[in-house]
Amino acid sequence: MPKNINTLKRFNALNYALALVTFSGLLMRLIAPLTTRALPFFDSSGYYQSVVTMQTQHIDPWLNYQTRQFTAELPMENFVIYLLSSYTGIDAFDASKYLPPSLLTLIMVPGIALIATKVSGRRDIGLLAALLFSISDVGSLRESYPLAEGIAVAVAIIYVICLIRAVESRSIRWILLSGFLMLGVFSAHNLTPFMFFMITIGVSLFMLKNRLIKLAYWIATIPTFAALFTSFSPLHYNLDHNPYTRYSILLTEVFSHERAIASGKQFSNPIASYTPSQPITYFMFLHMITVFTLLVALPFFALYLIRKPRTVSVAIAEVWLILAGATFIVGLTGDSLFGSDNPFFGYRTWIYLMMPAAIGAAYTLMYLIKLPHKQKVVLFSLVAFVLIVSVPATVAFIRQINSQYEEVNAHDYDMSVWLEQHVHQGNYTVYSTDAFYGAANSTLISDQSELYFFGNISTIFSNETYYVVLSYTTIEYPYHNQGLTVPLDHFYNPYFDRVYSAQTDWVFVYNPSINNPQILGLNKTV
Amino acid sequence: MNKLSIILPSTAIALGSLFLYLGFESGANGYVTLSIDGAFLLLAGLVTLFAPKARTAEVDSLASLSKEVDGVEELIPQILKGEITARFTHDGKIVLKETSKTDTTDINANLKTIELLSPNLRGMLTKDNIRDNMNHQTGEPEYPLTKKYTRHLIDVGALENVRVEVNHSKLKIELTKPVTGNPPLSEYNEPKEAIPIILSYRMLATLISIVSADIHSDTLPINIRRDQDTITISLTKVET
């Protein structure tokens with residue numbers, strides 16, 4: 001008999017099922033990159049461009065990050081794609097296209113299964129939680145398409161597992177490991193750390209409340225080191241200004257009503273901006289799995305608000321659910337008031353909410369097993385029906401959203417081809433003007449003139465000519481809400497010639513030899 | 001209150017204030033993450049120092065339930081492994097027979113008594129011990145003290161369940177999913193290695209004392225062993 005027969009036996013049906021669930025989740029998340037032409041084109045933060053810059057210029061984004069040579073939010077994604085691309089020979093474009101969704105699925109689905117198993121004490125319930133997450137649209141959409149999140153959330157979920165392990169075993173080694181992973185989350189994204197920073201603080205306070213003082217202080221060292229790391233490293237330039245200011249702007253706006261009144265808007269349909277032409281019932285159908293998961297997670301949430309969590313993993317899942325839920329509700333309120341203009345739009349926070357919601361929902365479904373046989377069969381067939389019907393609905397939704405972006409981004413793509421043909425410099429692709437900014441800055445313009453950047457418009461200096469690139473994605477959502485308003489009026493003057501025009505993209509030529517004072521003044525008014 | 005419970009919160013308050021100051025002083029573009037952490041540390045420090053102690057009696061830390069007795073930490077493992085003969089009396093004491101002086105025949109000559117229970121727990125014991133521990137509806141025995149004490153353990157997440165099984169002169173205490181230290185319990189392969197660390201010896205000894213009080217009988221530990229995620233302590237009843 002072969003020696004490894006025992007290990008084969010141990011790899012039982014549940015493991016195969018988990019592998020299957022992970023694979024189905026991977027398929028779900030690969031719909032977007034497989035069916036659209038150039039996925040990172042909505043890569044507003046320019047990760048792809050930054051990686052190209054790293055490869056051609058050999059500049060370290062960690063040290064040069066505040067010098068505006070890199071536009072990417074935080075450097076970890078750059079490094080990961082750069083390393084993958086350099087060592088495997090995979091094109092940086094493909095790497096940034098396929099890596100985040102793959103990483104998100106392959107780490108998160110088993111991770112959620114593991115946490116849910118710890119919470120419920122049953123492996124089949126863990127599998128159910130993983131299934132709920134894997135067939136949801138989290139990580140499949142452009143808006144929740146996680147470029148930075150794909151890496152940050154994957155690190156974050158390992159962090160949560162280590163945190164549970166650390167609290168359970170009260171062991172310093174695990175706490176140190178979680179602290180290290182927390183630094184990883186902080187160097188990967190700007191919004192994700194906030195969530196997990198607060199979760200850690202919540203867990204520490206929970207321990208303190210239960211008089212586990214030493215443990216509470218050990219856990220408190222994790223956010224403390226993360227905060228010190230953030231403040232006194234290049235991360236400070238991005239992190240300290242981003243999530244917190246977004247939160248404060250949103251809260252101010254929600255409570256003041258000032259902007260709502262000024263814009264003539266009252267509370268409205270929070271999802272109106274995502275589904276401009278459909279009735280809300282159809283939207284609910286498309287989001288069947290997420291609505292179902294959230295509803296089923298509510299009893300878990302309510303139960304452990306009243307009752308003291310039985311185990312550490314339950315406590316952490318509850319803290320996570322409370323924080324993610326609160327952020328989601330604040331985000332949705334913001335959407336309701338300001339549409340998707342709000343700085344912390346609710347749809348994105350769904351990524352953070354879906355993970356604990358799937359765990360909570362699976363925990364609630366555990367009680368179905370204890371029901372009498374007849375009721376159990378009826379309820380389980382109902383759950384199975386919802387899960388089966390939700391898959392084509394979710395796929396339809398993913399395709400629909402992606403085709404909307406594809407339309408806009410196809411023009412970006414065409415424009416980048418035009419630029420390559422007519423401007424003849426560099427090997428670059430313009431996916432959005434913002435993405436282009438990094439490339440323009442580092443590879444095309446050697447002399448950092450103040451002229452190269454008009455607000456949120458990219459300028460290329462080539463052939464003794466300034467090419468000003470303007471894209472719909474720059475003028476519209478989501479940039480104009482961040483104070484990056486494009487002064488369109490300035491293009492209606494004799495010094496700008498429109499040389500390229502597609503439906504959503506324009507290229508103007510500006511000749512600086514005219515030495516127009518108006519232009520120099522323009523830079524200051526932006 | 002020991003030294004650590006002063007040092008930890010004072011450090012937290014000092015660091016927290018410093019971080020908050022740095023955050024505020026640096027203005028709008030300053031260290032936001034650091035100041036949030038500072039606020040949290042300050043809060044944690046203040047809560048630790050000034051939280052009303054009376055309320056914490058309900059879910060108190062395990063340490064306050066058993067007394068600090070010098071030398072007990074080394075002694076109890078030996079008792080539990082059966083290396084030292086010790087009798088857990090029904091009124092919450094541990095009576096040791098010193099095995100080093102084997103030549104003596106007088107059984108009462110070398111007795112040493114350890115009082116492990118805190119005044120708090122002792123009060124609970126004297127109050128509840130007079131009660132009849134039989135559930136008259138079901139006819140099953142109930143262990144009110146054990147129930148009360150293990151609820152603390154379950155509340156703080158130290159373990160999931162405690163089951164007491166009395167069978168003539170044999171007594172078994174089963175702890176389900178106890179939280180153990182470093183290395184975790186599940187990593188032990190041999191039963192004899194099943195030495196719980198976080199679920200400390202002191203706490204195990206306290207638990208045996210409580211169970212002894214509950215069954216109104218002195219007990220002698222025979223064996224402690226681990227099976228998957230349960231710890232089983234076997235005892236014999238000694239009629240007094």
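Bear in mind that the values in this text are calculations on the coordinates, not laboratory data. Note that the structure is a prediction, hence the values are computed from the model and not measured. Glycine also receives a Cβ, built like all others from the backbone with ideal geometry; neighbour counts cover every protein chain displayed.
What average number of partner chain Cβ atoms lie no more than 10 Å from the Cβ of the residues making up B:112-124? Show your work: numbers first, answer last.
Values: counts 0, 0, 0, 0, 0, 0, 0, 0, 0, 0, 0, 0, 0.
Averaged over the peptide's residues, the number is 0.
Quick check on packing: order A:370-378, A:231-239, A:106-114 by the mean number of other C-beta atoms within 10 Å, highest mean leading. Spell out each step's value before the answer.
Values: A:370-378: 9.7, A:231-239: 18.9, A:106-114: 23.2.
So the order, starting with the most tightly packed, is A:106-114, A:231-239, A:370-378.
Rounded to the nearest 0.05, what FRET efficiency is calculated for A:TYR16 and A:ASP497 with R0 set to 45 Å and r the Cβ-Cβ distance?
Numbers: r = 63 Å, r/R0 = 1.41.
In this case the efficiency is close to 0.10.
Nearest 0.05, what FRET efficiency do B:VAL95 and A:VAL386 give at R0 = 41 Å with Cβ-Cβ as r? Let's see the in-between values first.
On the way: r = 64 Å, r/R0 = 1.55.
According to the calculation, E is roughly 0.05.
Would you mind checking the pairs B:LYS148/B:LYS172; B:LYS97/B:LYS177; A:LYS118/A:LYS214 and listing those with alpha carbons more than 27 angstrom apart?
B:LYS97/B:LYS177
Of B:ASP91, A:ASP137, how do they rank once you tally other Cβ atoms within 10 Å and put the fewest first?
Values: B:ASP91 17, A:ASP137 27.
Going from sparsest to densest Cβ surroundings: B:ASP91, A:ASP137.
Sticking with the crude label model, points 7 Å out along Cα→Cβ, report the distance from A:ILE280 to A:LEU83 in nm, one decimal please.
So the two model labels end up 4.7 nm from each other.
How would B:SER169, A:SER134, A:SER85 line up from fewest to most surrounding beta-carbon atoms within 10 angstrom? Show your work: numbers first, answer last.
Details: B:SER169 12, A:SER134 28, A:SER85 22.
Sorted ascending by nearby Cβ count, the order is B:SER169, A:SER85, A:SER134.
Test of understanding: ordering A:ARG29, A:ARG307 by Cβ neighbours within 10 Å, fewest first, what list do you get?
Details: A:ARG29 30, A:ARG307 10.
Ranking A:ARG29, A:ARG307 by Cβ neighbours within 10 Å, fewest first, gives A:ARG307, A:ARG29.
Let's test the formula: R0 of 51 Å, r as the Cβ-Cβ distance of A:LEU368 and A:SER233. What FRET efficiency results, to the nearest 0.05?
Numbers: r = 49 Å, r/R0 = 0.95.
After rounding, the FRET efficiency stands at 0.55.
Which order, highest average first, do A:357-365, A:191-199 follow once you tally other Cβ atoms within 10 Å for each residue and take the mean per peptide? The partial results should precede the final answer.
On the way: A:357-365: 28.2, A:191-199: 24.3.
The most tightly packed comes first, giving A:357-365, A:191-199.
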